[in-house]
Amino acid sequence: MLREHPTAVVPYLVTRDHFTERLYHQRTGYWQPDGTGLEPATAAEHAAALDLLAGGRDEQFATAAATLIGQGDHALALRIIQPGLLRHPASITLAGLRRTALTRLMEANQQLDPFKFLIYAELAGTEIGPVE
């Protein structure tokens, strides 16, 4: 079918993965086999727990995030940075690492996944102009 409609290939590929993920989550429910979802925690509670591991220091969050960014794990770095910023909102270092992680995630997704690209752009506060 796609051979007959080559212009439909990219839109199909873009939506296919998200559709599959949504269908999987719909079928598996809120509780995951590893226990995720059984005892939900707020973002602030999760940040407080990570802050305990970091010894109450934003530098620990920054070190972990910088290492992950250096390894190319930008999404995981962002998952460390966000709670770090919740606990240490004045951290210039964490804010800079957040911008770096979001920029790299935008770059990685700009050609392959417009949905993720737009979400990361919005999180980064990047204004996307109209397409000509």
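Note down the magnitude of the dipole of the stretch 40-124 about its Cα centre, charges +1 on Lys and Arg C-beta and -1 on Asp and Glu C-beta and zero elsewhere, to the nearest 20 debye. Write down the numbers at each step before the final one.
Details: 7 positive and 8 negative charges, 16 e Å.
Roughly 80 debye, rounded to the nearest 20.
Which ordering of ILE80, ILE119 is given by a fewest-first count of other beta-carbon atoms within 10 Å?
Details: ILE80 25, ILE119 15.
Result, fewest neighbours first: ILE119, ILE80.
So what is the calculated 222 nm ellipticity per residue for the chain, using -39500 (n - 2.57) for each DSSP H run with n of 4 or more, over all residues, to the nearest 500 deg cm²/dmol? Please report the intermediate quantities before stating the final value.
On the way: 6 runs with 87 residues, N = 132.
Taking each H run of at least 4 residues, the total per residue is -21500 deg cm²/dmol.
For LEU38 and ALA75, what does the FRET efficiency come to when R0 = 25 Å and r is the distance between their Cβ atoms, rounded to the nearest 0.05? Working shown, then result.
Details: r = 24 Å, r/R0 = 0.95.
Computed FRET efficiency for LEU38 and ALA75: 0.60.
Calculate, for LEU118 and ALA8, the FRET efficiency according to 1/(1 + (r/R0)^6) with r their C-beta to C-beta distance and R0 25 Å; round to the nearest 0.05. Before the final figure, lay out the partial values.
Numbers: r = 21 Å, r/R0 = 0.83.
Plugging the Cβ-Cβ distance into 1/(1 + (r/R0)^6) gives 0.75.
In sequence order, what are the phi-derived ³J(HN,Hα) couplings for the stretch 105-110 according to the Karplus relation 6.51 cos²θ - 1.76 cosθ + 1.60 with θ = phi - 60°, rounded to whole Hz, with x for glycine and proline?
Values per residue, Gly and Pro as x: 5, 5, 4, 5, 9, 4 Hz.
Once you keep just the Cα pairs under 8 angstrom separated by 6 or more residues, what percentage relative contact order results for the chain? Before the final figure, lay out the partial values.
Numbers: 95 pairs, mean separation 22.7, N = 132.
Here the relative contact order equals 17 percent.
If you plug each phi of the stretch 80-87 into the Karplus form 6.51 cos²θ - 1.76 cosθ + 1.60 with θ = phi - 60°, what whole-Hz ³J(HN,Hα) values come out, in order, with x for Gly and Pro?
8, 5, 4, x, x, 6, 5, 7
Taking the Cα centroid of the stretch 53-98 and of the stretch 12-50, what is the distance between the two, rounded to the nearest whole Å?
Each part reduced to its Cα centre gives a spacing of 22 Å.
Bear in mind these aren't lab numbers, they're just calculated from the coordinates by the rules spelled out. Model, not experiment: these values are computed from the prediction. Positions of Cβ are generated from backbone atoms using ideal geometry, with glycine treated the same way; all protein chains shown enter the neighbour counts.
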